[in-house]
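Working notes for the structure below.
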Amino acid sequence: MAYSSNETLTRTRAFFDERAARWDNMISAGHGQRLRGIVETLPIQSDAAVLDVGCGTGVLLPILADMLDNSGHVVAVDVSFRMMQETKSRIAGFNINDALPAFFLLHADVVQPPVRDAAFDWVICNSCFPHFHDQQQAVCAMAHLLKPDGCLVVCHTESRDAINELHQNVGGIVGGHKLPEDDAMRTLVANAGLTLEILDSTPDYYLMMAQKRVA
């Protein structure tokens, strides 16, 4: 997740750090299965390099473990150190006899990541996009991390309205964190030099995919 001030970063990190150990019990029932249904529709190759932005407790990683083989790799990034500890524990539970991709953990802000540009085939923001303080800055930063023809994905297992209402009800540092309306998302994507491929804002889920097309 990304923030424009140290104060905002500190408060948001504290919010997620405090909840990390019980996060999986707080999310909606069936979240992992619904997420699998979304992600498995994406044309992710088995040798892909994937960045899991705002990885949280690592709920996306078992899905990617099934989709990638040992020629692919996943970098999981989050600003919350305690969330990263939960992700580390999840990875430790994988069956090492499977042909798994390589997993790397990165405690960092994706707007200033300690990785080179054009490093990933896929950048996936699952359940984290509303928490970017400057959403345009975040989309541009993630676009730089994509290889030519790479794809940026923003997804949620609930509707945009449900996500925005949830954050409003929680209040505090996340009270104003929202998924943008469709026209605003189209503008964010276009300003980052990406081509919008999918924008499904449905009562049951949210999915945006945009590609970094080669001229």
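Applying the Karplus parametrisation 6.51 cos²θ - 1.76 cosθ + 1.60 with θ = phi - 60° to the phi angles of the stretch 190-196, what ³J(HN,Hα) value in whole Hz is obtained for each residue in order, glycine and proline being reported as x?
So the Karplus estimates, Gly and Pro as x, are 5, 5, 8, x, 9, 9, 5 Hz.
If I compute percent of Cα pairs over 26 Å apart from the structure I just sent, which labelled value in (1) 29; (2) 36; (3) 43 lines up?
Computed from these coordinates, percent of Cα pairs over 26 Å apart corresponds to label (1).
For D109, what is the net charge nearby, where nearby means another residue's Cβ is under 13 Å from its Cβ and Lys, Arg count +1, Asp, Glu -1?
Result for the neighbourhood of D109: -1.
For the stretch 97-178, state which trypsin sites (Lys or Arg not before Pro) are in a DSSP loop and have at most 13 other beta carbons lying within 10 Å of their beta carbon.
Sparse-neighbourhood loop trypsin sites (Lys or Arg not before Pro): R116.
Would you please give the FRET efficiency between F15 and A102, computed as 1/(1 + (r/R0)^6) with r the Cβ-Cβ distance and R0 = 30 Å, to the nearest 0.05?
With a Förster radius of 30 Å, E is 0.50.
Per the 1.4 Å probe, what fraction of the accessible area of the chain, in percent, lies on carbon and sulfur atoms?
48 percent
Rank these by accessible area, largest first, 1.4 Å probe: R34, R213.
R213, R34
Leaving ligands, DNA and RNA out of it, work out the accessible area of R90 with a 1.4 Å probe and give it in Å² to the nearest 10.
My reading of the accessible area for R90 is about 70 Å².
Short version: ³J(HN,Hα) in whole Hz for each residue of the stretch 164-170, in order, from phi by Karplus 6.51 cos²θ - 1.76 cosθ + 1.60 (θ = phi - 60°), x for Gly and Pro, what are they?
5, 5, 4, 5, 5, 5, 5
Excluding F129 itself, calculate the net charge of residues whose Cβ lies under 11 Å from the Cβ of F129, where each Lys or Arg counts +1 and each Asp or Glu counts -1.
Combined, the nearby Lys, Arg, Asp and Glu give +2.
Give me the net charge for the shell around K147: Cβ to Cβ below 15 angstrom, other residues only, Lys and Arg +1, Asp and Glu -1.
Taking every other residue near K147 into account, the sum is -1.
Remind me, relative contact order of the chain in percent, using alpha carbon pairs under 8 angstrom and six or more residues apart?
RCO, the chain: 20 percent.
How large is the accessible surface per residue of the chain, computed with a 1.4 Å probe and reported in Å² as a whole number?
46 Å²
According to the square roots a ≥ b ≥ c of the eigenvalues of the Cα gyration tensor, what is the shape class of the stretch 132-193, taking rounded for a/c under 1.5, prolate for a/b larger than b/c otherwise, and oblate for the remainder?
Prolate.
The values are calculated or read from the model by the stated rules, or taken from the named source; none is laboratory data. Predicted model only: the values in this text are computed from it and were never measured. Because the Cβ atoms are built from the backbone with ideal geometry, glycine has one as well, and the counts that use them run over all protein chains shown. Accessible surface is based on the protein model in full, side chains and every heavy atom, while ligands, DNA and RNA are left aside. Shrake-Rupley method; radii C 1.70, N 1.55, O 1.52, S 1.80 Å.
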